[in-house]
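We did not get these values from a lab; they are worked out from the coordinates using the rules stated. Note that this is a predicted model, so its numbers are computed, not measured. Here the Cβ positions follow ideal geometry from the backbone for every residue, glycine too, while neighbour counts run over all protein chains shown.
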Amino acid sequence: MKIKQNTASSGESARRKGPGAGLSLTLAALFAALIAAGTFISVPLPFSPVPVVMQNLFSLLAGLVLGPALGAAAVGLYLAAGIIGAPVFAGASGGIARLLGPTGGFLLGYLFSALTAGLIAGPPQRGFPCRHLIPAIIAGLLVVYVPGLIRLYFALGSWGKALTAGFIPFILGDAVKGCIAAFAAPRLRKLVADRGGR
C-alpha cells in the first residue's frame, strides 16, 4: 500500500512540475519565433521613429501563456537573435546599434512586458483565475513604455515629443491588442497546462 501511495505521490509531484525541459525549450523557441515574425507586420509612422508593430502583442502573450520565467526567456531569445544580427527587429533590421537607438527602449520593454504579465498571471495551470488576466494584460502593455519613453525622451529632447511620438498614437492599437490577448491567452494557457500535466 505504501509503495502505491509513494508511486501516486511521485506521479502527482511530476505533474505539478509542469512541462519538462524539452517542452519548455520548445515553447520558448516557438514564442521567440512568433515575436520575430511580428517584425514583418510593421507600419511606419511619418511623425514618429516608432512604428506600429506586433512584437509587443507576442511578447505579452509569451508572459501570459508561459509564465514569467519562460516568457522572459522567449523574449530573451528574440533579443539575442537581433543583437547578433538576425533581421528580427522592426524594419527587418538587426544588430546592437538598433537596441541602442531611439527605439531600443521599446525592445527592452518587451522583456519587461513578458516578465510583468507572467508574474501577475502566474505559470500556466488548470483553473486559471480570470480576475488576474485583465491586470496582467494592462500592466504588460503599459510597462513597455517605461524604458521606451525614457530612451525616446533622450533622443527627442522633451517629454512632450516623446509622448506624442511614442505613446499617444499607440493607445488605440494597444487596446485592440489587449482584446486579442484576452481572447487568446486563456485558451493557449489551457493548452500548455494540458501538455504539461498541470
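Listed by first and then second residue, the pairs with beta-carbon distance under 6 Å, at least 6 apart or on different chains, first residue in the stretch 85-109 and within 16 Å of VAL75 (Cα to Cα), second polar (S, T, N, Q) and surrounded by 18 or more Cβ atoms within 10 Å (Cβ to Cβ), are VAL88/THR39. Going residue by residue through the stretch 131-151, is there one that turns out to be more than 24 Å from LEU191 (Cβ to Cβ), crowded, with 17+ Cβ neighbours inside 10 Å and without any contact (Cβ under 8 Å) to a residue 24 or more places away in the chain? There is no residue in the stretch 131-151 that is more than 24 Å from LEU191 (Cβ to Cβ), crowded, with 17+ Cβ neighbours inside 10 Å and without any contact (Cβ under 8 Å) to a residue 24 or more places away in the chain.
Criterion first (in contact (Cβ under 8 Å) with a residue 24 or more places away in the chain, in a loop (DSSP other than H, G, I, E, B) and in contact with a Gly (Cβ under 6 Å, 6 or more places away or on another chain)) does PRO123 satisfy it? When the stated conditions are applied, PRO123 passes them. Only residues that are under 19 Å from the mean Cα position of the chain (by Cα) and surrounded by 16 or more Cβ atoms within 10 Å (Cβ to Cβ) were counted across the stretch 155-172, and they come to 3.
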